[in-house]
1. Apply the Debye scattering formula to the chain, with a single equal point scatterer on each alpha-carbon and no solvent, then give log10 I(q)/I(0) at q = 0.16, 0.18 Å⁻¹.
2. Angle check, please: helix 9-82 long axis (alpha carbons) against the longest principal axis of the chain (alpha carbons), in degrees 0 to 90, nearest 10.
3. Please report, in debye to the nearest 20, how large the charge dipole of the chain is about its Cα centre when each Lys and Arg carries +1 at its beta carbon and each Asp and Glu carries -1 there.
Amino acid sequence: MQIPENPSNDDIRESLIQLRAGLIELGQKVDRLEYKFDAYQKGTDGMVRMATTIIIATASVVVLSSLSPAVTAIVTALSAGNG
């Protein structure tokens, strides 16, 4: 609704009612956006934790696999020395 050049009280009242309705609708949209952002943030946090866990597990496997021959050699040498 457009406000006439010389609005009456009814014109002003109607405009205020429409403005209030628009503000309520805007508030509801902001609430929905905040909910979507929170859900996105929680999902992102979960993905970062999962990726970190995978990286740590992979690094552990790489380190342990490279140490395995050395540990086997030490155990073999100690066994041969005590036997």
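1. -0.83, -0.90
2. Taking the Cα atoms of the chain, the angle to 9-82 is about 0 degrees.
3. Details: 7 positive and 9 negative charges, 135 e Å.
In debye, rounded to 20, the chain gives about 640.
Bear in mind these aren't lab numbers, they're just calculated from the coordinates by the rules spelled out. Computed from a prediction, not measured in an experiment: that's the story for all the values here. With ideal geometry, Cβ positions are generated from the backbone for all residues, glycine too; neighbour counts draw on all protein chains shown.
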